[in-house]
Amino acid sequence: MTETLDMKATLRGRRFAALHITLKGFCMGTADVVPGVSGGTIALILGIYQRLLEAIGRFDVKLLKLLTRGDFAGAAKHIDWLFLIPLGVGIFAALMFFTRVVSLPHLVQTQPELVFATFFGLIIGSVVLLLRGLGTLDFLGYVFLITGSLIGFGVVNLVPVETPESAWFIFVTGAVAISALILPGISGSFLLLIMKKYAFIFDALGRFDFAVIVPFTLGAAVGLLGFSRVLVWLLRCYYEKTLLTIVGVLIGSLWVIWPFQERLYETVRDKPRVVASTPYVPDIIDGSVVTAGALALIGLALVLLLGRLSRNASSARA
């Protein structure tokens, strides 16, 4: 009887954990719909960033050996499927919901101040939490933080350039875009626009042009597996320095997340895409400015609240 109750409790716990991860995936997918915002940023805010990197890095030789031996249960456990599957379901659900039910891309075009104000508050809150967790910084800590900020600022201010369409560069494009996707503060789709390959890649996908799809997919696979391993190694061996650099990238990316921007659009695949933006400070405090400020504060407060709840839960488990 006791054993049966324990099994039921374990099953309920797993279901709750899966639902929790699915909701986090939904938040990541929501961020991926917004241009300039990375799903990696939300993963970092929600505390699943390192687990995500480690799960991605487990698509390795050991996995192939398990699959070739027919040990599918071992393979599933190796890649942390209890994490990846509900996370993927949440991301997919968000992409479907915010493109087919509630058009978030349309809201970004019609109400950009309100959408970006919310994400601005979320990112500010995450920066505060992460820096608070690292404690007092020394001189070297500030160096890594400033270096990351300069990298983030530099990337989001890149100017679109013409690039070749040869297979080797498409491979590089795939690696760069997917690496940016898992790096907080940098959007992979934004880098595709900067390299003038956004329309090229998506048109090739629509035409099933495998001369483009194959090198891009291979580049994305190499970039995802390679870059995730590098980040995992850096976080394990140089946790504070790596995290400070990542926080710096987040700070630098705030330049394009600031709600009030003069945005330069380029029509790509019959849709306007932001390729450059310049922040400004509103000279009139009207209703939209007040609403944007309120949403930014709500985003900030939400992250700080999540941080407090997480600390309380950790203390209770201890």
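Derivation of every value follows stated rules applied to the coordinates shown; laboratory data play no part. Computed from a prediction, not measured in an experiment: that's the story for all the values here. Cβ placement follows ideal geometry from the backbone for every residue including glycine, while neighbour counts extend to all protein chains displayed.
In table form, for the structure just shown:
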| read-out | value |
| --- | --- |
| Unit charges on C-beta of K, R, D, E only; dipole of the range 2-317, Debye | 1120 debye |
| 3J(HN,Hα) from dihedral phi, the range 298-306, Karplus parametrisation 6.51/-1.76/1.60, rounded to Hz, x for glycine, proline | 5, x, 4, 5, 4, 5, 5, 5, 4 |
| Residues whose placed amide H lies under 5 Å from that of Ser277, excluding near-sequence neighbours | Leu264 |
| Residue-averaged 222 nm ellipticity for the chain, from DSSP H runs of 4+ at -39500 (n - 2.57), nearest 500 | -25000 deg cm²/dmol |
| The chain - percent relative contact order, Cα under 8 Å, separation 6 or more | 26 percent |
| Highest-MSF residue in the chain out of Ala43, Ala18, Ala76 [GNM, Cα springs under 10 Å] | Ala76 |
| Qualifying trypsin sites (Lys or Arg not before Pro) in the range 57-115, DSSP loop, other Cβ atoms within 10 Å at most 16 | Arg69 |
| Pairs of Lys in the chain closer than 20 Å at Cα, counting only those 8 or more apart or on different chains | 4 |
| The chain: most fluctuating residue of Asp203, Asp283, Asp138 per GNM, C-alpha cutoff 10 Å | Asp283 |
| Residue with peak Gaussian network fluctuation, the chain [Cα springs, cutoff 10 Å], from Asp60, Asp32, Asp80 | Asp60 |
| Rounded D (µm²/s) - the chain, Kirkwood Rh over Cα pairs, Stokes-Einstein at 20 °C, 1.002 mPa s | 101 µm²/s |
